[in-house]
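The values are calculated or read from the model by the stated rules, or taken from the named source; none is laboratory data. Here the structure is a predicted model, which means the values were calculated and not measured. Here the Cβ positions follow ideal geometry from the backbone for every residue, glycine too, while neighbour counts run over all protein chains shown. Surface accessibility is based on the protein's heavy atoms, side chains included, excluding ligands, DNA and RNA. Shrake-Rupley method; radii C 1.70, N 1.55, O 1.52, S 1.80 Å.
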Amino acid sequence: MKDYKFSLLVFVLYALIIPTYLSANAIKMSDSMMEDIESKMQESVMEHMDSPHKQVKMGVADHDIQCKTDYKLVFKSTDWSPACVKESSVALLVQRGWAASEEEMMNMENEMMKDESMMKDKEHMDEKSMMTNAVGGVDISMASPAEGSLDTSVTIIEFGDYQCPKCDQWFKNEKPAVTNDLIETNKAKLYFVDLAFLGEDSVKAAEATYCADDQGKYWDYHASLYNNQGGIQSGWASTDALKQFASDIGLDREQFDSCLDSGKHSDRISYNTQVATSNGVEATPTFFIVGPDGSIEKIVGPQPSSIFVDTITRMLG
Amino acid sequence: MLSVLSEYIFLQPIATFYVPSEDVSGFALVVIVSALSGLVVSMSIFRVKMLHTRQLSGSIAGPIIGASAGVCSCGSTGFAIISTFGTIGGTATAFLSNYEIPLRLVAIGILAYTYYVTSKGITAQCKIQK
C-alpha cells in the first residue's frame, strides 16, 4: 500500500514537471529560432538597404535612417544631410570636417528636441486657447476682451467695422441700453469681433484698439473711435488721428505709437475677419447671441435694444 | 424694399420697424424717393405704351440713384459689392454711403423734374384737338 502511494506521488510529480520543462524549452527554442530568423532577415535587409536619400523621400526621419552592414550614418557638417559611409572612413571624414563629430551631432539633436518640444507646447497652447475660447462654435480667441462678467451664461458676439455708420448708430443709440439692461445686470457679456472690410482705415482702426488693449483700455478706445467716426475712408481714422485718440484717453503714446507702427496686431484683424466670414457674417453690425445651451440667435443690423432684451430673456427662461 | 435695404425694417429674428430719432430725415427721404419713383415709373410706362415716346432716362436714373444712396454701406449689399469688386467696389460704396443725403436729394430732384415733364407731355399729347 505504501509502495503504491509512493509510486502515485512520483507519477504526479513527473506528470507536472516534465511537461512544464518541455514547454519552457520549447519557448526557449522558439525564441532563439525567432531571433535567428530576425537577424538573418535584418542582414538581408541591410544588404539591400535603400540609399539615405530614398529613405528620406519615403518619409523616414533623418535620425532613423538605416545603413547597410559595415556602414555608419553620419551627417554632413555643412547642411546636416544624412549619408551612409564605411565605418573605417568615419574618423577621417570627421577629421577633414566633411562629417559632423559625435559632439556636434549630440548638440544638434538636443536643439532639435528643444524645438520639437517648443512646437508641441505651442500647439498644445493653441489647442487649449481654441478650445476654451470658442463660444457657440465661434472662435473668439482673438476677439476683444469681454465686457461684463465672465460668469454669465449668455454671450453677445458683435461683428463690426469702425467705419460702418450703422455700427456707430447702434453703438450710440442701443448699446447704452444693452449695457444697462443686460451687461451690468450680469445677464450677458459682450465680445467684439472685427470684420474690417470697409477699407484700409478700418483695419488700422481695429489694430489700434488692440494696441489700446495692451494698456488695458480696449473699451475706452473702442468708444473713442465711434465717438469720432466720420465718413468711410475720409481720413478720420488715419494713423495720425488714431494716435491722437490714444492721447485723448490718456494712453502711453510711445508704447501705443510703436505698437501701431509695427503692425503687431495685423494678423489678429485678418484672423477675426476670417472668423466672421467663415461664420456667415455678411453685414455689420451682426450679432450672435449664444445661449446657455450653446444655441445661437442671429441679429443682423442696428436693431433696437428691446430685441436683445427679449431674445436674452427668452434664452434664460 | 428700400426700407429693408436701408435697415429701417428688419425681418429677423422678428419683423421689426425701427427708425432711430436721429435718422428720421433719412427715412423721410426714402419715403419721398419711393413715392415719386412709383409715380414717375408708372407714368413713364403709360407714356411709352400708349403714346409711343421713348423718354425714360429720368424715370430710370432717379430711382436708381435714390435706391443706391446709403443702402450700399455696411449692409449685405455693400459687403457683396466689396467682396466682388474689391477696391473699386469699396470706393463706390464709400461714395454712396458718405453722400447718402445729398444723393437722395439729387434723386428727388430728378424724379420731380421727370414727373413735371412727363405729366406735361401726357397732358399735351392727350389734349383733344378741336
### Task
Would you please list the contacts, defined by Cβ atoms under 6 Å and residues six or more apart or on different chains, that run from a residue in the range A:55-70 that is open to solvent by 60 Å² or more (accessible area, probe 1.4 Å) to a residue that is in a loop (DSSP other than H, G, I, E, B) and of a type outside the set (V, I, T)?
A:Q66/A:M49; A:K68/A:M49
### Query
Which residue out of A:L195, A:L150, A:L182, A:L190 is in contact with a Ser or Thr (Cβ under 6 Å, 6 or more places away or on another chain) and of a type in the set (A, V, I, L, M, F, W, C)?
A:L195
### Message
Among the residues of the range A:217-227, are any at negative phi, buried (at least 17 other Cβ atoms within 10 Å of the Cβ) and under 25 Å from the mean Cα position of the chain (by Cα)?
### Response
yes
### Query
Residues of the range B:1-50 being more than 14 Å from chain A (Cβ to nearest Cβ) and polar (S, T, N, Q), which ones?
B:S34, B:S37, B:S42, B:S44
### Task
Test A:A177 against the criterion of being under 33 Å from the mean Cα position of the chain (by Cα) and either away from chain B (no Cβ under 14 Å) or surrounded by fewer than 20 Cβ atoms within 10 Å (Cβ to Cβ) (or both), and give yes or no.
no
### Query
When you go through (1) closer than 19 Å to B:V19 by Cβ; (2) more than 9 Å from chain B (Cβ to nearest Cβ); (3) among the small types (G, A, S) one by one for A:G301, which number turns out not to apply?
(2)
### Query
Can you name the residue in the range B:90-105 that is open to solvent by less than 80 Å² (accessible area, probe 1.4 Å) and at the interface with another protein chain (Cβ under 10 Å from one of its Cβ atoms) and, of all such residues, is farthest from A:T277 (Cα to Cα)?
B:E100
### Task
Could you tell me which residue of the range B:39-89 is modelled with the lowest pLDDT, considering only residues that are over 21 Å from B:A28 (Cβ atoms), in contact with a Ser or Thr (Cβ under 7 Å, 6 or more places away or on another chain) and open to solvent by less than 40 Å² (accessible area, probe 1.4 Å)?
B:G58
### Message
Any residue that is part of a loop (DSSP other than H, G, I, E, B), crowded, with 20+ Cβ neighbours inside 10 Å and under 16 Å from the mean Cα position of the chain (by Cα) - is there at least one of those in the range A:143-151?
### Response
yes
### Query
Do the conditions hold for A:V178, that is, is it β-branched (V, I, T), under 30 Å from B:G86 (Cβ atoms) and assigned to a helix (DSSP H, G or I)?
no
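Checking the conditions here, which among B:V41, B:V24, B:V33 is farther than 30 Å from A:S202 by Cβ and either among the aliphatic types (A, V, I, L, M) or without any contact (Cβ under 8 Å) to a residue 60 or more places away in the chain (or both)?
B:V41
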#### Entry: Index of the failed condition, A:Q244 passing every other in (1) over 26 Å from the mean Cα position of the chain (by Cα); (2) crowded, with 18+ Cβ neighbours inside 10 Å
(2)
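This table checks each residue for (1) open to solvent by less than 50 Å² (accessible area, probe 1.4 Å); (2) within 12 Å of another protein chain (Cβ to nearest Cβ).
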{"position": "A:D267", "(1), (2)": "no, no"}
{"position": "A:N272", "(1), (2)": "yes, no"}
{"position": "A:E282", "(1), (2)": "no, yes"}
{"position": "A:P285", "(1), (2)": "yes, yes"}
{"position": "A:G294", "(1), (2)": "yes, no"}
{"position": "A:D310", "(1), (2)": "no, yes"}
{"position": "A:T313", "(1), (2)": "no, no"}
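Consider A:Q233 carefully, then state whether it is more than 14 Å from chain B (Cβ to nearest Cβ), open to solvent by 40 Å² or more (accessible area, probe 1.4 Å) and either over 25 Å from B:V24 (Cα atoms) or touching a residue at least 40 places away in the same chain (Cβ under 8 Å) (or both). Can you show your working first?
Details: more than 14 Å from chain B (Cβ to nearest Cβ): no; open to solvent by 40 Å² or more (accessible area, probe 1.4 Å): yes; either over 25 Å from B:V24 (Cα atoms) or touching a residue at least 40 places away in the same chain (Cβ under 8 Å) (or both): yes.
Taking the combined requirement at face value, the residue does not satisfy it.
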